[in-house]
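To keep things clear, I will list the structure first and then write my remarks on it.
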Amino acid sequence: MKKGEPLLDICMLMEELVSSYELEKTLNILAKNVTEQMGVKGCTIRLFDEKTRTLQIVAAYGMPKTYLEKGPVPLEEHPIDKKVISGECISTKDIMKEPHVLYLDEAKKEGIKSVMSCPLTVREKSIGVIRIYTSEIREFTENEIQRLRVLASLGGIMVDRAQIWKHMQTLIEVSRSISSTLSLNEVLSGIVENAAKSFGFKAASIRLLDTERKYLDVKATYGLSEAYLKKGPVEVEKSSIDKECMEGKPVIVSDVSKDGRLQYPEEITREGIMAILSVPLSIRGTVIGVLRVYASNPYSFTSMEIDFTSALASNGAVAIENARLFEHIKQEYEELTKDVWKWYDWGKHFPKF
């Protein structure tokens, strides 16, 4: 078996892909190999952002920068990609004869003739689209379609691997920050920022129960307006999602407009929040607050997103416990110091041992 045979090409590609854990680098390696193995003009890889319902470019090979900068692909405006995301692999023999092409003028300028698109899948779920382009009219064979499907499946596995690695690194960095600083505000601010940014959510917040366990007070936020934060106190008895969260389990609101468990539905909608995930912060089995992430569109949170947010909440609980222990030790030290001064009249007479 020699280079150029499909199986060997895929094996060589796998060896190259496993050498990198970075998402962008991994997908650019894939785009280059797909272009060369399929003998086409170029290749692009777009990942599906469920929150904005768009396909965002993340990697490409053989395509000019001007073409790549044409913009995201809104799924609702592109029927072909809607079918691809649903699991189909679709080829277009001559895009100049197809009315559905979203950026036809740009494609014509670049001399693109034929296109084939296949879904990137992870655990039977489509997470993006891999697309190849030719500079001549070409009817793709069944073998070529199946080959791109195999390469796309491999790409989906690599995306999943890179994302898991990225989230692991985030958790490691958060853990390091907890052990390197006694500033609770600094740690909690880092947690809410990572909670929002890691999956591209609109915002995040941490609220802790007051001493009477009646209200949830804001302790850290990211991406929320001052007007929203001043909407009023969050009272556990009046917020069904928080009552559920106090039982120690994640609570999901997939569509704010259809959920009656919210205490401030109008203020939430005005803030542009359409979905919420709340996970409990617990110390030794006792819930002390909630970590919340907010999406700007109706959204079904994945198990990975729930697990990652829960892991961040666990880190937050550790940071809070560390801060409380430090304050307790600090208070005891100060009291002990006062006693020493009182007992020995420190400064005038030294104690005798």
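The values are calculated or read from the model by the stated rules, or taken from the named source; none is laboratory data. As the structure is a computational prediction, the values presented were derived from the model and not from experiment. With ideal geometry, Cβ positions are generated from the backbone for all residues, glycine too; neighbour counts draw on all protein chains shown.
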Here the residues within segment 216-271 that are under 23 Å from the mean Cα position of the chain (by Cα) and of a type in the set (Lys, Arg) are LYS219, LYS249
Taking segment 171-193 and the residues there that are at pLDDT 80 or above and surrounded by fewer than 22 Cβ atoms within 10 Å (Cβ to Cβ), the one that is nearest to GLU305 (Cα to Cα) would be GLU193
The one condition ASP81 fails out of (1) under 24 Å from PHE199 (Cα atoms); (2) surrounded by fewer than 17 Cβ atoms within 10 Å (Cβ to Cβ) is (2)
Within segment 213-270, the residues that are in contact with a helix residue (DSSP H, G or I) (Cβ under 9 Å, 6 or more places away or on another chain) and among the β-branched types (Val, Ile, Thr) are VAL218, THR221, VAL234, VAL236, VAL251, ILE252, VAL253, VAL256, ILE268, THR269
Considering segment 3-48, residues that are of a type in the set (S, T, N, Q), closer than 17 Å to LEU120 by Cα and in a helix (DSSP H, G or I), and then whichever is modelled with the lowest pLDDT, we arrive at THR26
Scanning segment 128-143 for residues that are buried (at least 20 other Cβ atoms within 10 Å of the Cβ) and among the aliphatic types (A, V, I, L, M), the one farthest from LEU75 (Cα to Cα) turns out to be ILE132
Scanning segment 124-176 residue by residue, those outside any helix (DSSP H, G or I), acidic (Asp, Glu) and in contact (Cβ under 8 Å) with a residue 24 or more places away in the chain turn out to be GLU139
* Asked: Quick check: anything in segment 329-339 acidic (Asp, Glu), modelled with pLDDT under 80, assigned to a loop (DSSP other than H, G, I, E, B) and over 22 Å from TYR222 (Cβ atoms)?
  -> no
Exactly one of SER240, SER278, SER254 is among the hydroxyl-bearing types (Ser, Thr, Tyr), within 30 Å of GLN169 (Cα to Cα) and surrounded by fewer than 21 Cβ atoms within 10 Å (Cβ to Cβ), and that residue is SER254
If we ask which residues in segment 283-297 are surrounded by 17 or more Cβ atoms within 10 Å (Cβ to Cβ) and out of contact with any helix residue (DSSP H, G or I) (no Cβ under 6 Å at 6 or more places or on another chain), their number turns out to be 7
